[in-house]
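Each remark here refers to the structure printed beneath this line.
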Amino acid sequence: QANGFHLYQNYPNPFGPGSPSGSAVTMVKFTVPEGYSGPMRLVVLDVLGRRVKVIFDGKVEDSEAHSVPVRLPGVASGFYMFRLSFQSGVEDKMFLFMR
């Protein structure tokens with residue numbers, strides 16, 4: 001947890017049509033510190049750090065937990081990373097997508 005920001009592990013993980021859960025959707029949860037009002041970005045990166053998809057790119061103005069559903073149509077099976085970027089840093093979580 002960096003400066004009151006927190007990116008939780010997605011659930012389910014792994015996910016995708018070929019995963020044990022069979023779920024095509026995963027939920028990504030993040031929290032921000034009380035009183036924060038500023039830009040935030042949540043993206044999916046491949047293992048080489050290339051951006052695969054932008055999930056959220058905007059302003060967050062409260063300290064509640066935010067849950068975002070994520071689908072990855074057209075993405076190959078493999079390991080990926082969620083990256084949460086904010087004014088003072090980043091947090092990453094790895095996950096497995098199974099086509």
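If you take every residue apart from ASN13 with its C-beta less than 13 Å away from the C-beta of ASN13, what net charge results, scoring Lys and Arg +1 and Asp and Glu -1?
Once positives and negatives cancel, what remains is +2.
Please state, to two decimals, what the Cα-based radius of gyration of the chain comes to when divided by 2.2 N^0.38 Å (N = residues).
1.07
Can you pull a Stokes-Einstein diffusion coefficient for the stretch 32-85 at 37 °C (0.692 mPa s), Rh from Kirkwood over Cα pairs, as a whole number of µm²/s?
264
Assuming 0.36 nm per residue, please report the length gained on full extension of the stretch VAL43 to ASN3 beyond their Cα-Cα distance.
So the extension gain works out to 12.4 nm.
Let me check I've understood the local charge: for GLU64, count other residues with C-beta under 12 angstrom from its C-beta, Lys and Arg +1, Asp and Glu -1. What total comes out?
Charge balance near GLU64 sits at -2.
With a 10 Å radius around each residue's Cβ, average the other Cβ atoms per peptide and rank 32-44, 5-17, 68-80, highest first. Kindly include the intermediate steps, with their values, before the conclusion.
Details: 32-44: 14.9, 5-17: 17.3, 68-80: 13.2.
Result, highest mean Cβ count within 10 Å first: 5-17, 32-44, 68-80.
So, with +1 on the Cβ of K and R and -1 on the Cβ of D and E, and no other charges, what is the size of the charge dipole of the stretch 54-99 about its Cα centre, to the nearest 20 debye?
Computed charge dipole of the stretch 54-99: roughly 340 debye.
Using a simple charge model, +1 on the beta-carbon of Lys and Arg, -1 on the beta-carbon of Asp and Glu, nothing else, what dipole does the chain show about its Cα centre, in debye to the nearest 20? Before the final figure, lay out the partial values.
Details: 10 positive and 8 negative charges, 97 e Å.
My answer is approximately 460 debye.
In the chain, with Lys and Arg counted as +1 and Asp and Glu as -1 at Cβ, which of these residues, MET81, GLY58, VAL47, has the Cα nearest the positive end of the dipole, that is, farthest along it?
So the residue furthest toward the plus end is VAL47.
Considering only protein heavy atoms and a probe of 1.4 Å, how much of the accessible area of the stretch 1-73 is carbon and sulfur, as a whole percent?
C and S fraction of accessible area: 49 percent.
Would you mind getting me the FRET efficiency between VAL25 and ARG51? Use the beta-carbon distance for r and R0 = 22 Å, nearest 0.05.
0.65
Suppose all protein chains stay in the model; what accessible area per residue would a 1.4 Å probe give for the chain, in Å²?
55
Zone of HIS66 (label point 7 Å along Cα→Cβ, backbone N under 13 Å): which residues in the stretch 1-27?
5-8
The values are calculated or read from the model by the stated rules, or taken from the named source; none is laboratory data. All values derive from a computational prediction rather than experimental measurement. Quick reminder, even Gly has a Cβ in these numbers, built from the backbone with ideal geometry, and neighbours come from all protein chains shown. Heavy atoms of the whole protein, side chains included, go into the accessibility calculation; ligands, DNA and RNA do not. Shrake-Rupley method; radii C 1.70, N 1.55, O 1.52, S 1.80 Å.
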